[in-house]
Amino acid sequence: MLYRTKEERRKASRIEDRKLIKEALAGNQESYSRLMEKYRGAISHLIYRMIGSQDMVEDLTQEAFIKAFNALASFNEEYAFSTWLYKIATNNCIDYLRKKKLQTLSIHKPIASKDGEHMMEIPDSRYLPDKPLVSSQQTMNITQAIENLPEKYRRVIVMRHQQEMSYEEIASELNLPLGTVKAHIFRAREMLYRMLKETMSNG
């Protein structure tokens, strides 16, 4: 069916989205896939424009969809699904860029001034006596969650995040289509997200 105006096309798209969301919440996995196919390109483009690097686009795109799908029940149909999804993807990018900036900022680098160079001294107001224990517990939780994944999902997650292999390298190593590798990593992350969320709520 052809729509004459942009407004008609937008209205038809929103009706389609509402239908897919309703089906997805009822347990239809195909509807999740169709929503992802519909918006993957736009979300990837948005993320690339924000971070300026192709390396993390696929990972951040998948993370945005995982967060959106896990919060799908809270979606307000008064708004466009695309707007809601873009907001989630944007916030995900901001978090990534903030973490990256913190990782690359060196507190040991001298600061130049008219009086010479000075070392930056930052009091660690976040210090907690049990911080090493907390970090250790988080690591244990993540390790345990990975161990509990089905073999085909555990394998790709280990290769991607522990061995730092690219999607293409994983596909070549496992002799799998690239699309299958991406789908397995997406599903593995989704399962890990749910397991860790459950562990934290029980902890």
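Each value in this text was obtained by applying a stated rule to the coordinates, not by laboratory testing. The model shown is predicted, which means the values in this text are computed figures rather than measured ones. Every residue, glycine as well, gets a Cβ built from its backbone with ideal geometry; the counts of neighbours run over all protein chains shown.
Taking a Cβ cut-off of under 11 Å around M36, the surrounding Lys, Arg, Asp and Glu residues balance to a net charge of +2, with basic ones at +1 and acidic ones at -1. Three principal axis extents of the stretch 1-103 based on alpha-carbon atoms, in descending order, are 49, 32, 23 Å.
Exposure proxy ranking for H184, H161, H45, based on other Cβ atoms within 10 angstrom of each Cβ and starting from the fewest, stands as H45, H161, H184.
The phi-based Karplus calculation (6.51 cos²θ - 1.76 cosθ + 1.60; θ = phi - 60°) puts the 3J(HN,Hα) values of the stretch 171-182 at 4, 5, 5, 9, 6, 10, x, 4, x, 5, 4, 4 Hz, whole numbers, x for Gly and Pro. Each of T143, T180, T61 was scored by other Cβ atoms within 10 Å of its Cβ. Arranged with the fewest first, they read T143, T180, T61. Footprinting exposure proxy ranking of D59, D95, D17, fewest other C-beta atoms within 10 angstrom first, gives D95, D59, D17. Computed over the stretch 141-203, the P(r) tail beyond 17 angstrom holds 37 percent of alpha carbon pairs.
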